[in-house]
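Worksheet for the structure shown next.
The values are calculated or read from the model by the stated rules, or taken from the named source; none is laboratory data. A quick note: this is a predicted structure, and the numbers were derived from the prediction, not measured. Virtual Cβ from ideal backbone geometry, glycine too; neighbours counted across all protein chains shown.
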Amino acid sequence: MNCPLCFGGIAFWNILRKDIKNYYLKPPNISWGIIFPLSWTLMQFLRTPGAGTVNIRELLSGLMSMSILFGTTSMLAVTITFERRSRAFDRLLLAPISMTTLVLAKISGTILFGVIIAFSPVLFAAFLTDLSGINWSVAVASILLMAVTSTLLGLAIAVFSKEVFEAQTYSNFFRFPMIFLSGLFLPIENLPAFLRPVSYCLPLTYGADMLKGAIMHAGHMNVWFDFTVLLGFAILLFHYCRWNIERKWIL
């Protein structure tokens, strides 16, 4: 007797493996998801006078958060739009698997990619400063939750796009403002008063604060509050993406 759970697991694994094989090294993903975060990281580290311990560690949380944001949204822009153009996504929608399994399979590879790219600034920083004293359990939790929320945000944008350049363009309308509004490099307290409420509506704000607390022990909000808000964003974005795919792509 066929086991639906086993079949779902096999389908999940094969979709994940196909995405990793086919889309990780596509040119748009290399340029926006890999080269841009790495070049920005090197630029920030090399321009820091003396590469002192405090300066490097202060930059690290922002650079890791930015790497996650650009890596995950670029990956989803490539994966979804290429599959829609080749009609491969239509075939997946016709497969006898649940929509939840399909969405989880499509985002899992991107989440993994986001987690991996998040540690690239850490590797560079390890050559320049002492990384002892970091709370790695909190750091990993924040990285994972940021990867999930950023991936789902990228999926929400990709659903509306037919071409890769469209998805990347739409993503930039969100990504670049989030760099400056989420407290990655500019403290939220230094923003104009009318922009601060916008900052607290962005999931990246809570992930960056959680990561800053893990690295610098200088988070402005309680770590459990950050964790809870990020988890809430992840759940809401997942259900929104699932609903939007059913509404726009299933007749």
Write out, first by first residue and then by second, each pair whose Cβ atoms fall under 9 Å of each other, whose residues are 6+ apart or on separate chains, and whose first residue, in the stretch 201-222, is farther than 16 Å from residue 67 by Cα while the second is exposed (fewer than 15 other Cβ atoms within 10 Å of the Cβ) and charged (D, E, K, R).
-> 220/189
Of the listed residues (123, 102, 155), the one being at pLDDT below 90 and more than 30 Å from residue 10 (Cβ to Cβ) is 123
Condition check for residue 138: among the β-branched types (Val, Ile, Thr), under 30 Å from residue 245 (Cβ atoms) and more than 16 Å from the chain's Cα centre (by Cα) = no
Residues in the stretch 216-240 that are more than 20 Å from residue 184 (Cα to Cα), surrounded by fewer than 17 Cβ atoms within 10 Å (Cβ to Cβ) and of a type outside the set (Val, Ile, Thr) total 4
Could you check, for the stretch 126-136, whether at least one of its residues is buried (at least 19 other Cβ atoms within 10 Å of the Cβ), of a type in the set (S, T, N, Q) and over 20 Å from residue 45 (Cα atoms)?
-> no
